[in-house]
1. Within segment 59-75, count every residue that is touching a strand residue (DSSP E or B) at 6+ places or on another chain (Cβ under 8 Å) and closer than 18 Å to GLN2 by Cα.
2. Quick check on THR166: is it without any contact (Cβ under 8 Å) to a residue 40 or more places away in the chain, within 25 Å of GLU92 (Cβ to Cβ), outside the structural domain of LYS44 (by TED's automatic domain parsing) and in contact with a strand residue (DSSP E or B) (Cβ under 9 Å, 6 or more places away or on another chain)?
3. Just give me the residues in segment 177-215 being over 23 Å from LEU93 (Cα atoms) and either surrounded by 14 or more Cβ atoms within 10 Å (Cβ to Cβ) or in contact (Cβ under 8 Å) with a residue 60 or more places away in the chain (or both), in sequence order.
4. Can we say ILE78 is touching a residue at least 40 places away in the same chain (Cβ under 8 Å) and over 15 Å from VAL11 (Cα atoms)?
5. Any residue in segment 99-110 that's within 18 Å of ILE27 (Cα to Cα) and without any contact (Cβ under 8 Å) to a residue 12 or more places away in the chain: show its pairings with residues that are surrounded by fewer than 17 Cβ atoms within 10 Å (Cβ to Cβ) and among the polar types (S, T, N, Q) at Cβ separation under 7 Å, as long as the two are six or more apart or on different chains.
6. Step by step: first the residues of segment 61-82, then only those that are over 19 Å from ASP48 (Cβ atoms) and hydrophobic (A, V, I, L, M, F, W, C), then the one that is nearest to the chain's Cα centre (by Cα). Which residue is that?
7. Of the numbered conditions (1) assigned by TED's automatic domain parsing to the domain that holds ASN24; (2) touching a residue at least 40 places away in the same chain (Cβ under 8 Å); (3) on the phi < 0 side of the Ramachandran plot, ASN128 fails exactly one; give the number of that condition.
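The values are calculated or read from the model by the stated rules, or taken from the named source; none is laboratory data. Please read these numbers as outputs of a predicted model, since none were measured by experiment. Glycine also receives a Cβ, built like all others from the backbone with ideal geometry; neighbour counts cover every protein chain displayed.
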Amino acid sequence: MQKIGNIEIRVVGKSGNKRLSPENYDIKHISAILNNVEDLLYPKNKKDRPIITYDIQEGSVRHLFKTSMQTIIGFSAILSQIQANNSIDFLELKTARAIENIQNLSLQKNYEFQIKTSFNTDYELIINPSTKYFRTENIWVEAEFYFYGTLKDAGGKSKANIHLDTEDYGYLSIETGEKFLKKREDNLLYRDFGVRVSGKQNIDTSEIDTKSLSLLELIDYQPKFDKDYLNSLIKNAKKSWRNINADELLLNLRGEYEA
């Protein structure tokens, strides 16, 4: 049977003139914590992750999450390292962004968040308006990337984008702008494409910020073997290589090396 541990995120502050409690803690703030916990614990493989259960209790407001003890042990080490470095730059992007979101909520509402685990109950990470847990901007630079996959969705009410389902990077949302989508007369959905995009990349870890992607070029992509196309390339290449002595060329390339 899998061993289970827990994480506690205690929120201390006020609602109006009253001390925070589950009775006066707004549901949107509960949602903010719930939306970030999964990225804190499982920033990569969410499909196969263990179950996370949730409870809310008094004192002031205590968010309690239960999941596998192995994850709890790893998260406890992360909390310790954040405080030791006084930085979140070493974290994976989704985990760092989740910490930033909690820091922002602390600044907005003047809350203090006290985070600890059942693995080490004597240690807790404090996030309050005086802490500055934000990523260092200068380690993220603009870069270009190529992705390949199936285009599953296009459009958007407030921001026009396409959604590309890729094998290596999962489901990517790529900003396109309305003009690009208006100009396309053909149906884009459920077809394979390559995309050239701009976005931010961490210069230390090479991690890509998939939330920053913007389309530069949409490329028709047919990943199947085309024998006729290959034969046409070979035929064209023969003209260029007609007067080349293959044995002599290989000898020059090898130099002094003997096979």
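1. The number of residues fulfilling the criteria is 9.
2. Yes, satisfied.
3. Residues satisfying the conditions are PHE180, LEU181, LEU188, ASP192, PHE193, GLY194.
4. Criteria not met by ILE78.
5. Hits for this filter: zero, empty list.
6. ILE78
7. Of (1) assigned by TED's automatic domain parsing to the domain that holds ASN24; (2) touching a residue at least 40 places away in the same chain (Cβ under 8 Å); (3) on the phi < 0 side of the Ramachandran plot, only one is false for ASN128: (2).
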